[in-house]
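Trainee: Have a look at the structure that comes next, please.
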Amino acid sequence: MGRVVGSIEASQKDSSLVGRKLMIVQQVNSECDPIRYEEVAADTVGAGIGEFVLLVKGAGARKTNRDNPSERDVVDCSIVGIIDRFNK
Amino acid sequence: MGRVVGSIEASQKDSSLVGRKLMIVQQVNSECDPIRYEEVAADTVGAGIGEFVLLVKGAGARKTNRDNPSERDVVDCSIVGIIDRFNK
Amino acid sequence: MGRVVGSIEASQKDSSLVGRKLMIVQQVNSECDPIRYEEVAADTVGAGIGEFVLLVKGAGARKTNRDNPSERDVVDCSIVGIIDRFNK
Amino acid sequence: MGRVVGSIEASQKDSSLVGRKLMIVQQVNSECDPIRYEEVAADTVGAGIGEFVLLVKGAGARKTNRDNPSERDVVDCSIVGIIDRFNK
Amino acid sequence: MGRVVGSIEASQKDSSLVGRKLMIVQQVNSECDPIRYEEVAADTVGAGIGEFVLLVKGAGARKTNRDNPSERDVVDCSIVGIIDRFNK
């Protein structure tokens, strides 16, 4: 779980990152408190600044619904959901 | 090892997450004390709030007994067992 | 490196875990002091309680010498050796 | 996210590392403060000392635009972008 | 980055570990200070006690230059270089 706190710009980058929204995400717990550290995550669901999101890391981050899934991709962290509610 | 403490709702999410129970799990040690941090895990064994569960992370989390295992899946953490007993 | 401190029982679990010894392992350093946290690991070498063991995590944990290596497997941590000596 | 703080030299190394720039990168947060620990990362975008960079770890680090992607590669951390701006 | 501080002996182990030098490596930063924790790593470049080494973890650790790369291998951490110099 995380909260989008910003984005990064990088003109010099791997071609597989071109055209992708690279967001800065602060990991949070279900009380919305910041935990651990910030990650850069490729947004795949249109998440905006301040929204709570679902993050996946590793190979799962490269299995998001891209036009050409078999295409080369260096991403290791993706936003795959916008959290509406934490039920506890 | 973890303990189910809640669930999340996300209307805007990757299509591979549709229909999956996304639980909030607090990692615990074998004394049932909370350790490390909370994770969001896809439930695959019908775990309920308060139950102690077995978590797997990474590619193993995508190898659970799904109808169509070869289908695209972004999950990186799954609940794969409900712990009955900690033997020490 | 870890030390076997117990085992878990889970009647409700992924079918790939049936028949596997699921041990609770406390990670240790080479002075045998506990470090980091406990993991649940599938035993593949007959390790007993109190023994110091070699752990592997991630995909390596699914490459242990199983009867049918290509069979579906959710394990993400395995015991792959019993440590006789720490040479320092 | 990280900041390049140096490089390492290793004459005795795996052949897949020959000819690669192995940089020492201190992980940072979006305030440019050092967090966590240093990593050695293979540079793929011409990053220099002092520059803020985008790191990927795991299999993604081996998918960077190399001449022969199918060639054996042991790298587990790569620099895949030079950060121009942190937008917050 | 790490420093070799010892080795382990394990007579009872996965067959893919037979004949491999299993070294105890203390992770270090570029000031050669110990950080994080010790790992057991399969040596692939002839590293000796006291030497500073380059570690890779995960699948990269199984891609080192072995006689039969396609053979089953449980290793999740390998020494892939001996560091001659830290340039800062």
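The values are calculated or read from the model by the stated rules, or taken from the named source; none is laboratory data. Every value quoted in this text rests on a predicted model; they were computed, and no experiment measured them. Cβ atoms come from the backbone with ideal geometry, glycine included; neighbour counts cover every protein chain shown. Surface areas here come from the heavy atoms of the whole protein model, side chains and all, with no ligands, DNA or RNA. Shrake-Rupley method; radii C 1.70, N 1.55, O 1.52, S 1.80 Å.
Quick grid of which residues meet (1) modelled with pLDDT under 95; (2) aliphatic (A, V, I, L, M):
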site: A:Val5; (1), (2): no, yes
site: A:Gln12; (1), (2): no, no
site: A:Arg36; (1), (2): no, no
site: A:Glu39; (1), (2): no, no
site: A:Gly48; (1), (2): no, no
site: A:Val56; (1), (2): no, yes
site: A:Asn65; (1), (2): yes, no
site: A:Val75; (1), (2): no, yes
site: A:Gly81; (1), (2): no, no
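Listed here are the residues, each with its yes/no results for (1) in contact (Cβ under 8 Å) with a residue 40 or more places away in the chain; (2) at the interface with another protein chain (Cβ under 7 Å from one of its Cβ atoms); (3) in contact with a helix residue (DSSP H, G or I) (Cβ under 9 Å, 6 or more places away or on another chain); (4) closer than 21 Å to C:Glu31 by Cβ.
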residue: E:Ala10; (1), (2), (3), (4): no, yes, yes, yes
residue: E:Lys13; (1), (2), (3), (4): no, yes, no, no
residue: E:Val18; (1), (2), (3), (4): no, no, no, no
residue: E:Ile24; (1), (2), (3), (4): no, yes, no, yes
residue: E:Val28; (1), (2), (3), (4): no, no, no, yes
residue: E:Tyr37; (1), (2), (3), (4): no, yes, no, yes
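Trainee: If you don't mind, there's one more thing I want to ask. Go through the stretch B:7-20 and give me each residue that's part of a strand (DSSP E or B) and crowded, with 18+ Cβ neighbours inside 10 Å.
Mentor: Passing the criteria: B:Ser7, B:Ile8, B:Lys13.
Conditions (1) more than 7 Å from every other protein chain (Cβ to nearest Cβ); (2) surrounded by fewer than 22 Cβ atoms within 10 Å (Cβ to Cβ), marked per residue:
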site	(1), (2)
E:Val45	no, yes
E:Glu51	yes, yes
E:Asp67	yes, yes
E:Cys77	yes, no
E:Arg85	no, yes
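Trainee: Further question on the same structure: Residue check, D:Arg72 against (1) open to solvent by less than 70 Å² (accessible area, probe 1.4 Å); (2) away from chain E (no Cβ under 14 Å), all met but one. Which one?
Mentor: The single condition D:Arg72 does not satisfy is (2).
Trainee: Another one. Give the residue that is farthest from the chain's Cα centre (by Cα), with candidates limited to residues of the stretch C:79-88 that are of a type in the set (A, V, I, L, M, F, W, C) and assigned to a strand (DSSP E or B).
Mentor: Step by step, filter the stretch C:79-88, then rank; the result is C:Phe86.
Trainee: In the stretch B:34-78, which residue that is part of a loop (DSSP other than H, G, I, E, B) and aliphatic (A, V, I, L, M) is farthest from C:Ser70 (Cα to Cα)?
Mentor: In this case the residue turns out to be B:Ile49.
Trainee: Sticking with this one: For C:Leu55, only one of the following conditions fails: (1) buried (at least 17 other Cβ atoms within 10 Å of the Cβ); (2) without any contact (Cβ under 8 Å) to a residue 24 or more places away in the chain. What is its number?
Mentor: Going through (1) buried (at least 17 other Cβ atoms within 10 Å of the Cβ); (2) without any contact (Cβ under 8 Å) to a residue 24 or more places away in the chain one by one, C:Leu55 breaks only (2).
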